[in-house]
Structures are given as C-alpha cells and as structure tokens.
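Working notes, beginning with the structure itself.
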Amino acid sequence: MAKLLKGAPVAKTLSEQVKDRVSRLKAKGVKPTLAIVRVGEQGSDIAYERGVVKRCEKIGVAVKHFILPANCSQQKLLDVIHEINADADVQGCLLFRPLPGHMNEHEVCEALAPDKDIDCITSGSLSGVFTGNGKGFSPCTAQACLEILSYYGYDPKGKRVTVIGRSLVIGRPVSMMPLRSDATDTVCHTKTKD
C-alpha cells in the first residue's frame, strides 16, 4: 500500500537539529553565515530567497545578500563570488540560477569555492557526490529525498530502487549518494522505453 511521506515533520526535526548545531558553533565564537547571490528580480527567485532567509532566521544563521541587476557584467558577478570565497566569516553560498543569458553559467559556478557551495553547483562538489569522498555538499533536493526516507524509517539497503529523472539537481546525484551504495538503483527518464 502506498504511503504519502510528508516533508513538514522532517523539515521541523532537521531545523531543530541544525538550530542546536548553530548554538554550539556560536558558543565557540563562530557566527554561521550564508551568502545569497541573486542576479535580477525574478519573482520565483525572490520568493525562494524569502523562504531561505526565514528558515535561516529561525535557526540562527546570519544572511548576507548580494543582489545584482540583471544587466550586470559577468566580471562584476565573479568579483562578488571571489569576495565571498575570501570571506572567512561566510561559511556557505547560495547562487540563484539560471543566470541571465549573457553570462557563462558554468564559468560563474566554477568560480565558487566548493567548500562554500551549499547547492552542489561546482564540479568540486559534484565530484564529492559521485566519488563519495565526503567533500562538498550534496544538492539540496537530492539530500532532502534521502532525509525523508530516513525519517520515515525506509532503509534502501538491499532494495531495488527506481530514480525518476537524470538531472544534476536530483536524479543523478540521488542515485550516487548513500542510496546507491546500499541499493540496486535504476534511473529512468524521458528517453527510457518500457
């Protein structure tokens, strides 16, 4: 029988765990800080940003905003990325994508230091996911799927698992994360037949 796995209780539990970790870091003199980089005024980006800021406030993480106009130069954006990389007080960076068409998104993403890449947009972070070497962060959506399974007590070990989609946001990473080492997975996508 199918069971709907709701994300809200999982998010609440994770928020409490992170809030505790943030408190411990602050007690050691570390002020966890997230840099948010947004180019332009896309409504969906602004709404997502508000949600991120709200969650950060609830758990005690400071946020630094870097908002650039949609017509800014790629060099200006790269300067902001380099500033974030060099800022020891910033532990993570969320760069909103897609970037405006006049920018080379791959080049911009690669400029971000993998240890500050909280959304797995750099090759360095992706290599951590695909090699299992523990470097970088997993994509948020892929990690969320595995957190939900864990919260509800679903152990994929020894199971056959179907992953639908092959994007770098969820499909490919989730098939390579701990799920893969414990389960036999099949990735299906728009070109899969039967």
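The values are calculated or read from the model by the stated rules, or taken from the named source; none is laboratory data. Everything numeric here is computed off the predicted structure, so don't read it as measured data. With ideal geometry, Cβ positions are generated from the backbone for all residues, glycine too; neighbour counts draw on all protein chains shown. Calculation scope for accessible area: heavy atoms of the full protein, side chains included, ligands and nucleic acids excluded. Shrake-Rupley method; radii C 1.70, N 1.55, O 1.52, S 1.80 Å.
Hey, among the residues in segment 42-57 that are in contact (Cβ under 8 Å) with a residue 24 or more places away in the chain and closer than 21 Å to ASP89 by Cβ, which one's most open to solvent (accessible area, probe 1.4 Å)?
ARG55
Mind checking which residues of segment 4-29 are touching a residue at least 40 places away in the same chain (Cβ under 8 Å) and among the basic types (Lys, Arg)?
If the condition is that a residue be touching a residue at least 40 places away in the same chain (Cβ under 8 Å) and among the basic types (Lys, Arg), then LYS19 is the only one that fits.
Looking at (1) part of a loop (DSSP other than H, G, I, E, B); (2) under 27 Å from LEU168 (Cα atoms); (3) open to solvent by 30 Å² or more (accessible area, probe 1.4 Å), which is the one condition that is false for MET103?
Condition not satisfied by MET103: (3).
Does LYS116 qualify as being within 27 Å of ILE81 (Cβ to Cβ), among the basic types (Lys, Arg) and at pLDDT 85 or above?
It is true that LYS116 is within 27 Å of ILE81 (Cβ to Cβ), among the basic types (Lys, Arg) and at pLDDT 85 or above.
Out of the residues in segment 142-194 that are of a type in the set (A, V, I, L, M) and open to solvent by less than 40 Å² (accessible area, probe 1.4 Å), which is modelled with the lowest pLDDT?
Residue satisfying both the conditions and the ranking: LEU179.
Restricting to segment 73-96, name every residue that is surrounded by 15 or more Cβ atoms within 10 Å (Cβ to Cβ) and outside any helix (DSSP H, G or I).
Scanning segment 73-96 gives VAL90, GLN91, GLY92, CYS93, LEU94, LEU95, PHE96.
Please specify each residue of segment 6-41 satisfying the condition of being in a loop (DSSP other than H, G, I, E, B) and open to solvent by less than 50 Å² (accessible area, probe 1.4 Å).
Of everything in segment 6-41, those that are in a loop (DSSP other than H, G, I, E, B) and open to solvent by less than 50 Å² (accessible area, probe 1.4 Å) turn out to be GLY7, PRO32, GLY40.
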